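J.: Could you have a look at this structure, given as structure tokens, before my questions?
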Amino acid sequence: MNEIHPKFEDKFDTVVKCPYCGHIQDDEVTYDLMDGDTVECENCGKKFWVNVYIEYLTTPDCELNHEKHEWVLYDKEHNIYMCKKCGQTEVRYDV
Ligand SMILES: [Zn+2]
Ligand SMILES: [Zn+2]
């Protein structure tokens with residue numbers, strides 16, 4: 001039998017939950033967590049591993065870099081302009 005016990009399946013959560021007693025750890029404990037850290041449960045005192053997965057989304061912006069946007073009309077119907085350098089959009093009402 002090579003079935004994995006459901007208890008040990010990978011389960012992702014937005015909180016750090018003790019795999020022994022289910023206690024959700026305080027923000028103070030989880031704030032600095034790095035992938036592969038161990039945590040000692042505040043409730044039952046057992047230690048367990050934590051894997052941290054964080055997603056990042058990055059977007060460029062000319063203004064951030066003190067450059068001028070190069071606006072092109074992107075959606076004529078709604079007057080939406082898009083910068084062809086960074087992809088930021090802007091709606092213009094005063095045209
Ligand atoms: Zn616990
Ligand atoms: Zn731009």
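Computed from the coordinates by the stated procedures, all read-outs in this text should not be read as laboratory data. Given the structure is predicted, the values throughout are model-derived calculations rather than measurements. Glycine gets a Cβ as well: all are built from the backbone with ideal geometry, and neighbour counts include every protein chain shown.
J.: Give the residue that is farthest from the chain's Cα centre (by Cα), with candidates limited to residues of the range 46-58 that are surrounded by 10 or more Cβ atoms within 10 Å (Cβ to Cβ) and touching a residue at least 12 places away in the same chain (Cβ under 8 Å).
T.: Lys46
J.: Okay, next question. Out of everything in the range 68-84 that is in a loop (DSSP other than H, G, I, E, B) and within 28 Å of the chain's Cα centre (by Cα), what residue ends up being nearest to ligand 2 (Cβ to nearest atom)?
T.: His69
J.: For the structure I just gave you, tell me whether Asp61 is under 27 Å from the mean Cα position of the chain (by Cα) and of a type in the set (D, E, K, R).
T.: So Asp61 passes the test.
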